[in-house]
1. Ignoring ligands, DNA and RNA, please state the percent of accessible area on the range 32-129 from carbon and sulfur, probe 1.4 Å.
2. Can you give the helix-only mean residue ellipticity at 222 nm for the chain, where every DSSP H stretch with n ≥ 4 adds -39500 (n - 2.57) and the sum goes over all residues, rounded to the nearest 500 deg cm²/dmol?
3. With r defined as the distance between the Cβ atoms of VAL18 and ASN95 and R0 fixed at 30 Å, what FRET efficiency is calculated, to the nearest 0.05?
4. Any idea what angle helix 3-29 forms with the longest principal axis of the chain, computed on alpha-carbon atoms, 0 to 90 degrees, nearest 10?
5. To the nearest 0.05, how large is the calculated FRET efficiency for ILE25 and ASP69 if R₀ is 35 Å and r is the Cβ-Cβ distance?
6. If R₀ is 22 angstrom, what is the calculated FRET efficiency for the pair SER50 and VAL109, using the beta carbon separation as r and rounding to 0.05?
7. For a test of the definition: using alpha carbon positions, the gyration tensor, and the 1.5 limit on a/c, classify the range 65-105 as rounded, prolate or oblate.
8. Scaled to the compact-protein estimate 2.2 N^0.38 Å, what is the alpha-carbon radius of gyration of the chain, rounded to two decimal places?
Amino acid sequence: MNKKSIWAVVAGVLVIIVVTTLVDIVLHLAHVFPPMDQPINDSLALLATSYRIVIGVGGAWLTARLAQDEPMKHALILGLVGTVLGLVGVVATWNRGLGPRWYPIALAVLAIPQCWVGGRLYSMRSGKR
């Protein structure tokens with residue numbers, strides 16, 4: 001992997017992390033989510049999962065766009081990174097009572113499919129495979 005390839009994946013990771021964190025903060029400030037020291041319920045976890053999927057697709061699209069070649073490969077590498085980070089999240093939060101246990105599992109499981117969608121959207125629009 002060359003520097004541009006690494007940058008494409010890192011950019012996707014950073015965008016996903018920054019944007020999801022900002023949305024989380026806004027929802028906490030708007031009192032949609034409870035205070036940060038309180039757990040979320042199933043409906044709020046579903047809401048968070050929903051916007052994380054959309055943001056993940058966007059981050060993968062960006063990674064594919066920034067990749068010099070093989071945009072799908074780069075998007076899927078981003079998905080693999082997301083799966084690993086998601087599994088770290090599962091382990092780190094398992095017994096902390098932060099919300100439903102399915103939530104971090106869903107984030108880990110959905111990382112590759114959402115990145116595939118983002119890479120595919122870029123590839124279809126750009127004509128690059």
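1. Answer for the range 32-129 is 67 percent, counting heavy atoms of protein chains only.
2. Details: 4 runs with 100 residues, N = 129.
It lands at -27500 deg cm²/dmol.
3. About 0.60, to the nearest 0.05.
4. In the chain, helix 3-29 runs at an angle near 30 degrees to the longest axis.
5. Using R0 = 35 Å, I get an efficiency of 0.45.
6. My answer for the efficiency is 0.90.
7. Numbers: a/c = 4.67, a/b = 3.89, b/c = 1.20.
It is prolate, given that a/c is not under 1.5 and a/b is the larger ratio.
8. So the chain has a normalised radius of gyration of 1.10.
The values are calculated or read from the model by the stated rules, or taken from the named source; none is laboratory data. Since the model is a prediction, treat every value here as computed from it, not as a measurement. Positions of Cβ are generated from backbone atoms using ideal geometry, with glycine treated the same way; all protein chains shown enter the neighbour counts. Ligands, DNA and RNA are excluded from the accessible area calculation, which covers all protein heavy atoms including side chains. Shrake-Rupley method; radii C 1.70, N 1.55, O 1.52, S 1.80 Å.
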